[in-house]
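Written out below as structure tokens is the structure these notes cover.
The values are calculated or read from the model by the stated rules, or taken from the named source; none is laboratory data. Computed from a predicted model, the values in this text were never measured in an experiment. Here the Cβ positions follow ideal geometry from the backbone for every residue, glycine too, while neighbour counts run over all protein chains shown.
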Amino acid sequence: MKSKLIKILKISLPIAIGVYLTWYFISNAVSAEKRSFYSTVISSEIASQEYYSSTISIMDNLEFDSLIQSEIFKFNNSSTIEEIKENFSTEIAQKIFDSDQKTLLKPLFYKNVYYIFYVSNIEPEITKEHFISSFRNVNYLWILLSFIVAFLSHLSRAYRWKYLLEPLGLKPKLSLMYHSVMIGYIINLTIPRSGELARAAYFSKYQNSSSEKVFGTIIVERVIDLLMFGLIFIIALFLQSDQETFNQLRQTESGGLPNWLLPTFITLFILIFGLVIFIPKIRNKLSKFLKGILEGCMTILKLKQKVAFIFHTFLIWFAYILMLWLTALAIPEMAFAQISAIFACFVAGTFAIGATPGGIGLYPIMISSVLISLYGYSSEVANSFGILMWTTQTALMIFLGVYSLIAIKKVA
């Protein structure tokens with residue numbers, strides 16, 4: 001009975017994860033129109049009018065953006081009209097939403113003081129209608145090609161991993177490495193960065209290897225990825241004609257950390273430090289764990305096939321850019337998109353993925369903001385591209401990840 005229950009659980013758990021993730025990313029694909037803005041308070045009407053008049057006279061956007069960030073302004077990030085109403089008044093919320101991007105509003109009286117608002121960014125609304133319409137009039141041959149490129153990039157990442165595992169004396173099957181990579185991807189869609197731990201755990205379980213050392217090789221991969229993204233960011237910045245606007249659009253400011261986070265972190269640190277100091281068994285395990293990670297990290301210095309490792313690294317990131325371009329070709333209005341637009345969308349989308357699990361909710365917004373603000377695309381086309389790119393690639397990742405959760409047991 002127990003063995004049957006375990007078998008049922010092994011089959012049902014991956015399916016449940018896939019269903020949950022599919023529902024989660026579809027339900028979060030829509031979002032209300034939002035505004036990011038700066039606000040400051042001035043006590044008297046005369047002072048507020050003087051400040052407004054002196055500032056509006058130098059309303060060069062680039063200069064004013066730098067000025068407003070250096071003065072006593074509070075930044076309000078990505079707020080809906082209902083959220084602004086809760087914090088201010090209906091009149092203020094309406095004026096902010098009726099204003100264009102990069103607009104300084106005249107002083108507004110509220111609760112016995114005068115507020116000056118500067119609308120810094122507009123995030124377009126993405127509705128279920130946008131979500132559905134984004135799949136119409138699409139050439140799905142290009143989407144199929146983007147799927148093939150995506151699969152090859154995942155396969156290349158798995159193949160590149162073997163070069164880091166070789167110095168540890170490990171020569172696993174390519175299928176095991178591939179399934180471990182895809183499991184890591186799908187777990188990352190639930191809790192950010194947890195996929196790296198899951199990837200190491202699954203691989204170590206079926207390869208009978210040290211999970212600490214394996215995790216160390218994954219850390220090396222992430223460092224390499226960070227360097228590659230830095231290179232692509234520099235290229236994207238170089239290609240932009242309006243670099244200041246590009247820098248503003250790719251920022252994902254969170255508005256500050258929760259008040260409870262720092263005390264919780266300090267408490268956990270003291271607790272763990274105490275356990276390590278006073279309990280030798282835990283101290284020894286931690287020491288072994290850290291040594292294993294360090295040994296895994298050091299494999300980058302022991303690579304036997306450095307050229308092949310570098311080749312696959314560039315191949316992976318080239319495939320990421322190519323996936324974006326192929327998806328753009330699927331939309332007739334974006335068939336002749338500039339290469340600078342593709343790079344800008346890639347950078348903005350990467351920041352979105354880093355800010356939320358899999359870029360859920362934020363990815364289409366970041367992409368559409370870039371296309372509208374920098375390249376003058378209509379909101380319909382920009383939203384369609386952002387939704388199409390995110391949905392198709394996320395759906396593919398969920399499908400491949402759930403399959404790997406099931407298949408990894410057969411290849412070990």
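Evaluated against (1) over 19 Å from G230 (Cβ atoms); (2) modelled with pLDDT of 90 or more, G361 falls short on exactly one condition, (2). The condition of being assigned to a helix (DSSP H, G or I), within 30 Å of S378 (Cβ to Cβ) and at pLDDT below 90 holds for only one of E333, E295, that being E333. Pairs linking a residue in region 167-182 that is in contact (Cβ under 8 Å) with a residue 12 or more places away in the chain to a residue that is surrounded by fewer than 21 Cβ atoms within 10 Å (Cβ to Cβ) and part of a loop (DSSP other than H, G, I, E, B), with Cβ atoms under 7 Å and 6 or more positions apart or on different chains, are L170/S209; L176/A412.
Return yes when Y202 is at pLDDT 85 or above, buried (at least 19 other Cβ atoms within 10 Å of the Cβ) and within 22 Å of the chain's Cα centre (by Cα) and no when it is not.
Working: at pLDDT 85 or above: yes; buried (at least 19 other Cβ atoms within 10 Å of the Cβ): yes; within 22 Å of the chain's Cα centre (by Cα): no.
Criteria not met by Y202.
The sole residue among L249, L237 that is of a type outside the set (S, T, N, Q), farther than 28 Å from P167 by Cβ and modelled with pLDDT under 65 is L249. If you go through region 160-173 one residue at a time, do you hit one that is within 26 Å of T350 (Cβ to Cβ), at pLDDT 90 or above, touching an Asp or Glu at 6+ places or on another chain (Cβ under 9 Å) and assigned to a helix (DSSP H, G or I)? Yes, there is a match, as at least one residue in region 160-173 is within 26 Å of T350 (Cβ to Cβ), at pLDDT 90 or above, touching an Asp or Glu at 6+ places or on another chain (Cβ under 9 Å) and assigned to a helix (DSSP H, G or I).
Filtering F399, F385 for residues that are surrounded by fewer than 19 Cβ atoms within 10 Å (Cβ to Cβ), under 29 Å from M182 (Cβ atoms) and in the same structural domain as S153 (by TED's automatic domain parsing) leaves a single hit, F399. Of the helices (runs of 4 or more DSSP H) lying entirely inside region 81-137, those containing at least 3 residues that are modelled with pLDDT under 80 are 128-133. Given the criteria surrounded by fewer than 22 Cβ atoms within 10 Å (Cβ to Cβ) and in the same structural domain as F151 (by TED's automatic domain parsing), does F311 qualify? Considered against the rule, which asks whether it is surrounded by fewer than 22 Cβ atoms within 10 Å (Cβ to Cβ) and in the same structural domain as F151 (by TED's automatic domain parsing), F311 comes out as yes.
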